[in-house]
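Trainee: Sharing a structure below in structure tokens format, with a few things to ask.
The values are calculated or read from the model by the stated rules, or taken from the named source; none is laboratory data. All values derive from a computational prediction rather than experimental measurement. Cβ sites come from the backbone with ideal geometry, for glycine too, and all protein chains shown count toward neighbours.
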Amino acid sequence: MSVEQKQLVVAGGGAAGFFCAVNAARMAPGLKVILLEKTGKLLSKVKVSGGGRCNVTHNAPDIAYMSKRYPRGQHFVKKAFSRFFVPDTLSWYRDRGVKIKAEEDGRMFPVTDSSETIIQCLLKEADAYNISIRTNTELLAVTRQTSGKWKLKVSNGELVADYLCIAAGGYAMNEKFNWLRDTGHNIIPPAPSLFTFNMPGNPITQLMGVATTAHIKIAGTKLQEQGPLLITHWGMSGPAILRLSAWGARDLQAINYTFNAIVNWLPEFNENTLRETWTEYRQELGKQKIFNKNPFGLPQRLWQFLLQQAGINEELRWADLAAKDQNKLIKLLTVMEFPVKGKTTFKEEFVTCGGVSLSEIDPATMESKLQSDLYFAGEVMDVDGITGGFNFQHAWTSGYVAATAIAGKANL
């Protein structure tokens with residue numbers, strides 16, 4: 001009598017879903033694996049990540065460092081990373097002919113600088129293990145049969161699974177999670193993370209394209225970040241802003257994205273220390289026109305903009321700067337306030353916080369604590385990282401851990 005072939009269905013054709021599917025199929029050769037993707041595109045976030053280069057992971061020195069880069073889910077990922085971490089990701093891809101390099105800021109990319117390298121590697125792996133990929137197939141409802149198997153209602157029919165891994169990504173709208181709530185899980189309502197700050201009508205937007213390093217804090221909160229800042233035609237973006245948006249995702253949603261951002265264009269100074277050293281600049285540069293001589297290494301367009309905002313004449317020399325104008329300029333350089341009203345999603349790299357409550361998932365297996373043979377991977381859980389490869393590492397880790405647990409059961 002032949003033994004019935006076990007079936008794993010993975011819902012979600014992104015990084016986490018693919019990694020679960022290909023690794024489970026490899027580790028459990030007798031397992032039939034079906035991968036569902038609700039759109040017509042596979043690995044769409046992998047494609048656009050890092051400007052099309054795919055920021056695979058982050059060159060973190062250790063698990064403790066890495067786990068602190070997740071505004072939500074720090075303790076959970078710390079436990080999961082002990083099973084599959086950055087060196088494991090790198091060796092997994094290296095074994096399949098994909099070399100990955102680290103950049104100065106810690107972000108890691110394929111040496112080809114093309115996300116297509118990662119996509120082709122995963123598609124090739126799926127092909128090698130005969131994974132059935134079904135695009136334009138959305139998972140709509142999940143019910144447990146008396147046999148213990150999962151009955152899945154999909155947009156074009158029905159499926160039955162022995163094991164189910166949900167890697168459907170984040171949803172922007174709370175009600176989109178209702179089919180998951182029906183499995184008995186508690187859903188933490190979603191909120192956008194990784195977004196840029198809109199500053200409608202602010203003259204700073206005239207400097208679109210200017211980039212510098214700055215310190216930014218949100219007035220009335222403890223939220224602050226330092227790092228690269230990019231001025232855009234709608235306001236401010238860049239890594240420092242994106243990190244702030246991630247850490248402040250819940251708080252900023254609660255105030256409807258209306259707040260004041262305080263920017264220090266010279267992070268090595270504060271208002272007092274800059275005032276103390278100002279006389280040295282006046283003495284050194286006294287005869288030079290202040291518009292032409294910027295001693296702080298700021299982009300010239302930004303420097304001239306700040307002088308204009310302080311009402312300083314273009315012909316004025318450093319030695320002739322009045323105390324009133326000097327104070328105004330020092331304030332603009334170190335504590336310049338920008339009213340923020342609204343947000344813009346950061347390219348296609350949209351990330352949400354919220355999702356399945358982590359208290360209901362075992363980080364050692366990614367299996368539901370409420371329902372056996374139900375697993376989760378990636379952003380559908382209430383885990384999100386700041387920008388820099390952290391969300392992808394969580395995707396690889398959770399997908400691999402789930403695959404290992406599923407394969408372990410399938411091989412029994």
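Trainee: Looking at Arg250, Arg282 in this structure, which one is assigned to a helix (DSSP H, G or I), more than 28 Å from the chain's Cα centre (by Cα) and surrounded by 13 or more Cβ atoms within 10 Å (Cβ to Cβ)? Step through it out loud before you land on a result.
Mentor: Working: Arg250 fails: more than 28 Å from the chain's Cα centre (by Cα).
Exactly one residue qualifies, and that residue is Arg282.
Trainee: Separate question: Inside segment 131-152, can you point out the residues that are basic (Lys, Arg) and either farther than 29 Å from Asn391 by Cα or touching a His at 6+ places or on another chain (Cβ under 9 Å) (or both)? Please lay out each step first, then the result.
Mentor: Kept after step one, since they are basic (Lys, Arg), are these residues of segment 131-152: 134, 144, 149, 151.
Of everything in segment 131-152, those that are basic (Lys, Arg) and either farther than 29 Å from Asn391 by Cα or touching a His at 6+ places or on another chain (Cβ under 9 Å) (or both) turn out to be Arg144, Lys149, Lys151.
Trainee: Right, here's the next one. If you check Thr397, Thr345, Thr387, which single one turns out to be surrounded by fewer than 15 Cβ atoms within 10 Å (Cβ to Cβ) and under 16 Å from the mean Cα position of the chain (by Cα)?
Mentor: Values: Thr397 fails: surrounded by fewer than 15 Cβ atoms within 10 Å (Cβ to Cβ); Thr387 fails: surrounded by fewer than 15 Cβ atoms within 10 Å (Cβ to Cβ).
From the options Thr397, Thr345, Thr387, the qualifying one is Thr345.
Trainee: Out of everything in segment 154-164 that is within 25 Å of Asn23 (Cα to Cα) and either among the hydrophobic types (A, V, I, L, M, F, W, C) or part of a strand (DSSP E or B) (or both), what residue ends up being nearest to the chain's Cα centre (by Cα)?
Mentor: Of segment 154-164, the ones within 25 Å of Asn23 (Cα to Cα) are 154, 158-164.
Restricting the remaining residues to those that are either among the hydrophobic types (A, V, I, L, M, F, W, C) or part of a strand (DSSP E or B) (or both) gives 154, 158-161, 163-164.
On the way: Val154: 29, Glu158: 33, Leu159: 32, Val160: 33, Ala161: 31, Tyr163: 28, Leu164: 25 Å.
Filtering segment 154-164 for residues that are within 25 Å of Asn23 (Cα to Cα) and either among the hydrophobic types (A, V, I, L, M, F, W, C) or part of a strand (DSSP E or B) (or both), the one nearest to the chain's Cα centre (by Cα) comes out as Leu164.
Trainee: What helices (runs of 4 or more DSSP H) lie completely within segment 41-118 and have 3 or more residues being exposed (fewer than 14 other Cβ atoms within 10 Å of the Cβ) and at negative phi?
Mentor: Because the criterion is at least 3 residues that are exposed (fewer than 14 other Cβ atoms within 10 Å of the Cβ) and at negative phi, the helices (runs of 4 or more DSSP H) in segment 41-118 that meet it are 86-94.
Trainee: Just to be sure, is Ile216 assigned to a helix (DSSP H, G or I), in contact with a strand residue (DSSP E or B) (Cβ under 7 Å, 6 or more places away or on another chain) and among the β-branched types (Val, Ile, Thr)?
Mentor: Working: assigned to a helix (DSSP H, G or I): no; in contact with a strand residue (DSSP E or B) (Cβ under 7 Å, 6 or more places away or on another chain): yes; among the β-branched types (Val, Ile, Thr): yes.
For Ile216, the condition - assigned to a helix (DSSP H, G or I), in contact with a strand residue (DSSP E or B) (Cβ under 7 Å, 6 or more places away or on another chain) and among the β-branched types (Val, Ile, Thr) - is not met.
Trainee: Something else about it: For segment 140-150, name all the residues that are assigned to a strand (DSSP E or B) and without any contact (Cβ under 8 Å) to a residue 40 or more places away in the chain.
Mentor: First, pick out the residues of segment 140-150 that are assigned to a strand (DSSP E or B): 140-144, 150.
Within segment 140-150, Leu140, Thr143 qualify.
Trainee: To continue, here is another question. What's the number of the condition Glu138 fails, among (1) at pLDDT 95 or above; (2) closer than 30 Å to Lys369 by Cβ; (3) touching a helix residue (DSSP H, G or I) at 6+ places or on another chain (Cβ under 9 Å)?
Mentor: Single failed check for Glu138: (3).
Trainee: Between a residue in segment 359-371 that is assigned by TED's automatic domain parsing to the domain that holds Lys151 and any residue that is in a loop (DSSP other than H, G, I, E, B) and among the small types (Gly, Ala, Ser), which pairs come within a Cβ distance under 8 Å, given they are 6 or more apart or on different chains?
Mentor: Within 8 Å, the pairs are Met366/Ala377; Leu370/Gly184; Gln371/Gly184.
Trainee: Quick test for you: out of Phe392, Phe376, pick the one residue that is out of contact with any Phe, Trp or Tyr (no Cβ under 8 Å at 6 or more places or on another chain), within 21 Å of Ile241 (Cα to Cα) and among the aromatic types (Phe, Trp, Tyr). Even if it seems obvious, please write down each step before you answer.
Mentor: Values: Phe376 fails: within 21 Å of Ile241 (Cα to Cα).
Only one candidate passes the filter, namely Phe392.
Trainee: Next question. Taking His185 as meeting all but one of (1) touching a Ser or Thr at 6+ places or on another chain (Cβ under 9 Å); (2) part of a loop (DSSP other than H, G, I, E, B); (3) surrounded by fewer than 20 Cβ atoms within 10 Å (Cβ to Cβ), write down the number of the exception.
Mentor: (3)
Trainee: Can you name the residue in segment 14-40 that is in contact with a strand residue (DSSP E or B) (Cβ under 6 Å, 6 or more places away or on another chain) and in a helix (DSSP H, G or I) and, of all such residues, is surrounded by the most Cβ atoms within 10 Å (Cβ to Cβ)?
Mentor: Cys20
Trainee: When you look at Val383, is it within 23 Å of Leu90 (Cβ to Cβ) and out of contact with any strand residue (DSSP E or B) (no Cβ under 7 Å at 6 or more places or on another chain), yes or no?
Mentor: On the way: within 23 Å of Leu90 (Cβ to Cβ): yes; out of contact with any strand residue (DSSP E or B) (no Cβ under 7 Å at 6 or more places or on another chain): no.
Judged against the criteria, Val383 is not a match.
Trainee: Out of the strands (runs of 3 or more DSSP E) lying entirely within segment 341-412, which hold 3 or more residues that are under 16 Å from Gln74 (Cβ atoms) and not aromatic (Phe, Trp, Tyr)?
Mentor: Values: elements: 343-345, 351-356, 374-376.
Correct list: 351-356.
Trainee: Could you list, in sequence order, all residues of segment 119-139 that are in a helix (DSSP H, G or I) and acidic (Asp, Glu)?
Mentor: Keep residues of segment 119-139 that are in a helix (DSSP H, G or I), which gives 119-128.
Within segment 119-139, Glu125, Asp127 qualify.
Trainee: Kindly provide the set of residues from segment 262-277 that are part of a helix (DSSP H, G or I) and under 24 Å from Val210 (Cβ atoms), ordered by number.
Mentor: Taking segment 262-277 first, the residues part of a helix (DSSP H, G or I) are 271-277.
Listed by number, the residues that qualify are Glu271, Leu274.
Trainee: Next up: Regarding Gly297, is this residue within 31 Å of the chain's Cα centre (by Cα), under 28 Å from Phe195 (Cα atoms) and at pLDDT 95 or above?
Mentor: yes
Trainee: Further question: Which residue, of Leu244, Leu229, is touching a Gly at 6+ places or on another chain (Cβ under 6 Å), more than 30 Å from Phe18 (Cβ to Cβ) and not in a loop (DSSP other than H, G, I, E, B)?
Mentor: Checking each option against the conditions leaves just Leu229.
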